[in-house]
């Protein structure tokens, strides 16, 4: 059994492992960085550290993030504790922390359609619906290492 933070992207419920979540910021102010990729919304000042923020919708080619009242930035941490790198994920809304058993997550290899392994780790079954378990390490780690790639 593992814990996941769920969030909304374009109306769908997605999740990342809670062990990668550093913090959640409600609709923080961002500083724009000229010349950055179009999916980078800017830099977030988090306790004096500059954190690149990725618009998850744009990164996944789903249009621009809804910066409405529920929009949030999930700050994700990658790497070893001594070399931890942070990246923010701008999402439409943060929902809740859920428990999912490993057997409740179908691997993407089990489906007849080839899902992008850099985006989706698996499909979780929760109550009567599904949760897209994101491959956060693959989706955001490159941005965390390079500032934005």
Legend entry - Filter pass, residue 90 being surrounded by 17 or more Cβ atoms within 10 Å (Cβ to Cβ), at negative phi and modelled with pLDDT of 90 or more: yes
Legend entry - Candidate set: the stretch 98-123, residues that are under 14 Å from the mean Cα position of the chain (by Cα) and surrounded by fewer than 18 Cβ atoms within 10 Å (Cβ to Cβ); chosen: the one farthest from residue 6 (Cα to Cα): 118
Inset, instruction - State whether one or more residues within the stretch 133-141 are modelled with pLDDT under 75 and under 30 Å from residue 35 (Cα atoms). - result: yes
Legend entry - Residue tally, condition crowded, with 16+ Cβ neighbours inside 10 Å and over 16 Å from residue 123 (Cβ atoms), over the stretch 9-21: 2
Legend entry - Lone unmet requirement of (1) touching a strand residue (DSSP E or B) at 6+ places or on another chain (Cβ under 9 Å); (2) exposed (fewer than 12 other Cβ atoms within 10 Å of the Cβ); (3) within 18 Å of residue 133 (Cα to Cα) for residue 74: (2)
Inset, instruction - Kindly list the number of the only condition in (1) under 20 Å from residue 32 (Cα atoms); (2) not in a strand (DSSP E or B) that fails for residue 115. - result: (1)
Inset, instruction - Give, as residue ranges, the strands (runs of 3 or more DSSP E) completely inside the stretch 3-112 that count at least 3 residues that are touching a residue at least 60 places away in the same chain (Cβ under 8 Å). - result: 12-17, 21-26, 72-78, 85-91, 93-100
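The values are calculated or read from the model by the stated rules, or taken from the named source; none is laboratory data. All of these numbers come straight from a predicted model, not from anything done at the bench. All Cβ positions, even for glycine, are placed from backbone atoms using ideal geometry, and neighbour counts span all protein chains on display.
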